[in-house]
Amino acid sequence: MDNDIQKRDFAQTLARGLNCLEKLAETDAPATCTEVAKAMDVSRAAARRILLTLESLGYVKEERGLFASTPKVLSLGRGVLRRTNVWSAASTIVMALADELNEPCSISVLEGLDILFVSRDATRRIYTSRLGVGDRLPAHCSASGKMLLASLPVSELDRRLSGVALRKQGPASVTEIDVLKSRLAEARQLDYAVAIDEMENGTLSVAVPLREKGGRVVAAMSVASHKDRMAPSQLKETILAPLRRSAQDVQGILRDFQDRNWAVL
C-alpha cells in the first residue's frame, strides 16, 4: 500500500479515539479533560469531543470533571485473548520458574519502544511499583526490552530509534543510541541480554528470546532480582540455564499453537 492510499484511508478520528483510550489506560487515576488533551497533544475542545463520544459508547465514565476508562474497554481485546491465550497457557511455566528461583519471572512483548508484560509472577517484586500483566516498561533499560530490540531487523531497529531521546531510568541506563546499538549487537550474538542498575538502582535482570516455529522472535522471557539478594555474576552462572530451559518449554507451547493453526500474536 503506497503513501497516498495510506493517507486517503487513514481515519484520524478513530486514531484519536484509540489514542485517548491508551492515554487513559496509562494513568494511575482519573484525568481531567485538560490533562488528556496534553497527553494526546490536541486541543482541549478536541479532547472533550473524543471523551464525550467514548462516554456515550460506554468506554469512558466522567465524574466531577474527571475521566476514566470503564471495564467495557476490556471487551475490545476479548476475542484476541480467546485466540491468543498462549500466554495464559505459558503462565504455569512462568510461575514454576519463579517458585524454583524465588525471583520474579515474566514474559514480555515489544510495543514500540516499550515492553508489555503478557505473563508475570505478581507475588514477588524488585521495582518500586508492583508490575503485572498489561504494564509497560521502557525497552532500552530492561533485559527483555534489549533482547527484543536486538531481535529486530537492523532497518526496523534504526527506524524505531531514529530521532528518539532515550530517558534515563536508573543510574546505568544507556541513553546514547550508538552505545545502545552496540549493547544490542552483543545481546544478539549471545542470545541473551542483561540489565544491571538500568531500570532502578540495584535491580538485575536477564532475558532470553522466545521464538515461534519459523524462528521469529515473538517475545522474551526474563528473571529479575536485586543486588540485595543476588550478585550480578549469578545472572549468568545461576539463572541463565534454568531460564533457557523454561523458555524451551514455552516455545513448545508456542509451536503447539501454530501446529493447531491458532494465532500466536
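Give the angle, between 0 and 90 degrees and rounded to the nearest 10, that separates the Cα long axis of helix 44-57 from the longest principal axis of the Cα atoms of the chain.
Helix 44-57 sits at roughly 80 degrees to that axis.
From zero outward in steps of 10 Å, how is the percent of C-alpha pairs of region 3-71 spread across the bins?
The calculated distribution, bin by bin, is 21, 53, 18, 7, 0.
List the pairs from 23/72; 61/146; 168/213 whose alpha-carbon separation is above 26 Å, in the order I gave them.
Exceeds cut-off: 61/146; 168/213.
For semi-axes √(5λ) of the Cα gyration tensor in Å, which listed value, (1) 26, 20, 17; (2) 28, 19, 18; (3) 33, 21, 21, comes from the coordinates shown?
Given (1) 26, 20, 17; (2) 28, 19, 18; (3) 33, 21, 21, the calculated one carries the label (3).
Give me a comma-separated list of calculated 3J(HN,Hα) values for region 134-146, in order, Karplus coefficients 6.51, -1.76, 1.60 applied at θ = phi - 60°, integers in Hz, x for any Gly or Pro.
Ordered by residue, 3J(HN,Hα) equals x, 7, 10, 9, x, 5, 5, 10, 10, 4, 4, x, 5 Hz.
Which distance in nm do the two modelled labels at residue 176 and residue 22 give, with both placed 7 Å along the Cα-to-Cβ direction?
For the pair residue 176/residue 22, the computed spacing is 3.1 nm.
Quick one: check the C-alpha center-to-center distance for region 220-236 versus region 163-182, whole angstrom.
Between the Cα centre of region 220-236 and that of region 163-182, the gap is 21 Å.
Pulled fully out, how much extra length does the chain show between residue 29 and residue 44, if you take 0.36 nm times their separation in residues and subtract their Cα-Cα distance?
Working it through step by step, the gained length comes to 3.5 nm.
To test your reading of the geometry: what angle, between 0 and 90 degrees and rounded to tens, separates the Cα axis of helix 12-26 from the longest principal axis of the chain?
That works out to roughly 50 degrees.
Sorted by average packing, counted as other Cβ atoms within 10 angstrom per residue and highest first, what order do 213-219, 92-98, 106-112 take?
106-112, 92-98, 213-219
How high is the relative contact order of the chain, in percent, with contacts defined as C-alpha pairs under 8 Å that are six or more residues apart?
In percent, rounded to a whole number, it is 15.
Would you be so kind as to identify which of 218, 93, 171 lies farthest towards the positive end of the dipole of region 84-259, taking Lys and Arg as +1 and Asp and Glu as -1 on Cβ and the Cα centre as origin?
Farthest towards the positive pole: 171.
Using 1/(1 + (r/R0)^6) with R0 = 35 angstrom and r between the beta carbons of residue 162 and residue 213, what's the FRET efficiency to the nearest 0.05?
Using R0 = 35 Å, I get an efficiency of 0.65.
Given +1 on the Cβ of Lys and Arg, -1 on the Cβ of Asp and Glu, and no further charges, what dipole in debye does the chain carry about its Cα centre, rounded to the nearest 20?
500
Per DSSP helix of 4 or more residues, -39500 (n - 2.57); summed, then divided by the residues of the chain. What does that give at 222 nm, rounded to the nearest 500?
Mean residue ellipticity, 222 nm, calculated: -13500 deg cm²/dmol.
Compute the acute angle (0 to 90°) between the alpha-carbon long axis of helix 86-101 and the principal axis of greatest extent of the alpha-carbon atoms of the chain; round to the nearest 10°.
50
Every number here is computed from the coordinates shown, using simple stated rules; none is lab data. Note that the structure is predicted; figures quoted are calculated from it, not measured. Glycine gets a Cβ as well: all are built from the backbone with ideal geometry, and neighbour counts include every protein chain shown.
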